[in-house]
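Report on the structure given below.
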Amino acid sequence: MTVLVTGTAGHLGEGIVRTFRAAGRPVFGLDAKASAFTDREGSILERAFVRECLAGVSAVIHAATLHKPHLATHSFQDFVDTNVTGTRILLEEAVAARVACFVYTSTTSVFGNALTPGPGQPAVWVTEELAPEPKNLYGLTKLLAESLCELFHHRHGLPVIVLRTSRFFPEADDDVAIRNSYEPASVQANELLYRRVDLEDVVTAHVLAIERAGSIGFARHIISATSPFEPQHLAELRIDAPGVVHRLFPQSEALYAARGWKLFPTIGRVYSNRLARSELGWKPKYDFRHVLECLRENRDFRSALARDVGSKGYHDRTFDEGPYPVA
């Protein structure tokens with residue numbers, strides 16, 4: 001089975017191609033930018049190009065997208081063209097090429113405003129049942145593309161798995177208050193408690209989605225590190241998140257203190273990956289427990305794949321106000 005991967009100049013696309021090549025599995029990469037992991041350079045908006053790239057392909061992993069950081073540099077129409085129209089063209093040509101399945105990389109950003117609890121409310125328990133409320137163009141276009149995927153499944157019988165990934169980028173946080181108050185590594189360690197996932201685990205989820213799509217048909221799955229929190233913790237997380245963490249992981253306080261790290265005082269949402277673990281057989285390895293083990297042994301808690309792919313950035317220029325100045 002040859003797998004076509006879009007967006008192979010990006011973090012995830014490169015990670016997928018690296019993994020397939022290492023396993024000796026046939027993979028074909030395309031991107032608008034040249035890279036060592038891109039076999040054909042071109043736009044997913046060019047139908048003839050897409051059709052050529054799909055020749056002999058059995059499955060598609062569509063990871064190419066304009067991300068939230070691109071809101072600073074790209075127009076409304078750019079987002080609609082790439083994230084919506086590009087996905088439609090890929091779906092149409094995938095159906096015409098009779099590919100066996102289609103995996104779409106979406107984002108937890110589709111939930112948008114639904115992720116923010118009201119005053120005095122507990123943290124939000126985020127499952128696939130939570131109704132999306134996009135708060136920016138990025139989230140909106142990703143949600144529209146998800147709907148196209150569902151439509152093509154129902155209309156053409158194309159097996160499609162939508163993976164709503166939480167953040168896995170290695171770059172510094174886009175929130176200036178977070179950047180100024182926490183070390184980047186401590187931010188990402190904290191986020192593995194509730195809203196982050198390691199690149200290797202994201203890649204594994206995509207590989208499993210290809211294998212399970214035929215039997216599932218259509219589904220959406222949240223792809224985030226396994227959180228130690230349960231619904232009974234949600235109210236306290238809004239008031240005293242460190243108290244919950246220290247109770248669950250008594251050793252965490254000393255390990256953090258030794259690094260000069262600190263936990264976030266409150267947590268407003270928790271992503272649940274239970275459906276992905278159940279339906280895909282996904283077993284993510286990189287969670288907060290893993291972080292603590294690495295701190296004890298003075299090791300980097302990131303996977304080797306995440307370290308190899310490294311930081312790519314999102315823009316060709318830098319900004320005074322941060323790595324990607326978007327609200």
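Miscellaneous remarks
- Leu193 in contact with a Ser or Thr (Cβ under 8 Å, 6 or more places away or on another chain), touching a residue at least 40 places away in the same chain (Cβ under 8 Å), more than 19 Å from Ile16 (Cβ to Cβ) and of a type in the set (A, V, I, L, M, F, W, C): yes
- Elements of type helices (runs of 4 or more DSSP H) in segment 198-300, at least 1 residues being more than 30 Å from Lys142 (Cβ to Cβ), among the aromatic types (Phe, Trp, Tyr) and modelled with pLDDT of 95 or more: 252-259
- Qualifying positions in segment 175-199 - surrounded by fewer than 20 Cβ atoms within 10 Å (Cβ to Cβ), farther than 18 Å from Pro69 by Cβ and among the acidic types (Asp, Glu): Glu183
- For segment 252-265, taking the residues that are more than 11 Å from Leu295 (Cβ to Cβ) and without any contact (Cβ under 8 Å) to a residue 60 or more places away in the chain, the one that is farthest from the chain's Cα centre (by Cα) is identified as Glu253.
- Search result, residues across segment 257-308 that are in contact with a Cys (Cβ under 9 Å, 6 or more places away or on another chain) and either under 21 Å from Ile161 (Cα atoms) or among the aromatic types (Phe, Trp, Tyr) (or both): Phe301
- For segment 110-167, the set of residues classified as closer than 27 Å to Gly214 by Cα and of a type in the set (Ser, Thr, Tyr) consists of Thr127, Thr141, Ser147, Thr165, Ser166, listed by residue number.
- The residues listed here are Ala94, Ala55; of these, the one that is over 22 Å from Thr165 (Cα atoms) and assigned to a helix (DSSP H, G or I) is Ala94.
- Condition met for Pro122 (in contact (Cβ under 8 Å) with a residue 24 or more places away in the chain, in contact with a strand residue (DSSP E or B) (Cβ under 7 Å, 6 or more places away or on another chain) and surrounded by fewer than 22 Cβ atoms within 10 Å (Cβ to Cβ)): no
- Residue in segment 100-117 that is under 30 Å from Ile267 (Cα atoms), in a loop (DSSP other than H, G, I, E, B) and touching a strand residue (DSSP E or B) at 6+ places or on another chain (Cβ under 9 Å) present: yes
- Residues (charged (D, E, K, R) and under 14 Å from the mean Cα position of the chain (by Cα)) located in segment 215-234: Arg220
- Segment 232-258, residues that are farther than 25 Å from Thr116 by Cβ, small (Gly, Ala, Ser) and surrounded by 20 or more Cβ atoms within 10 Å (Cβ to Cβ): Ser252
- Lone unmet requirement of (1) in contact (Cβ under 8 Å) with a residue 40 or more places away in the chain; (2) over 16 Å from Pro134 (Cβ atoms) for Asp81: (1)
- Residue list for segment 145-178, restricted to those being assigned to a helix (DSSP H, G or I) and more than 21 Å from the chain's Cα centre (by Cα): Leu151, Phe152, His153, His154, Arg155, His156, Val176, Ala177
- Ala72 vs. criteria buried (at least 16 other Cβ atoms within 10 Å of the Cβ) and among the small types (Gly, Ala, Ser): yes
- The residues of segment 214-231 that are touching a Pro at 6+ places or on another chain (Cβ under 9 Å) and not small (Gly, Ala, Ser), listed by number, are Ile216, Phe218, Ile223, Thr226, Pro231.
- Flag for Ala172 being small (Gly, Ala, Ser) and surrounded by 23 or more Cβ atoms within 10 Å (Cβ to Cβ): no
- Count - residues of segment 127-139 that are within 14 Å of Arg164 (Cβ to Cβ), crowded, with 17+ Cβ neighbours inside 10 Å and over 15 Å from the mean Cα position of the chain (by Cα): 3
The values are calculated or read from the model by the stated rules, or taken from the named source; none is laboratory data. On a predicted model such as this, the values are computed, not experimentally measured, just so you know. Positions of Cβ are backbone-derived with ideal geometry, glycine not excepted, and every protein chain shown enters the neighbour counts.
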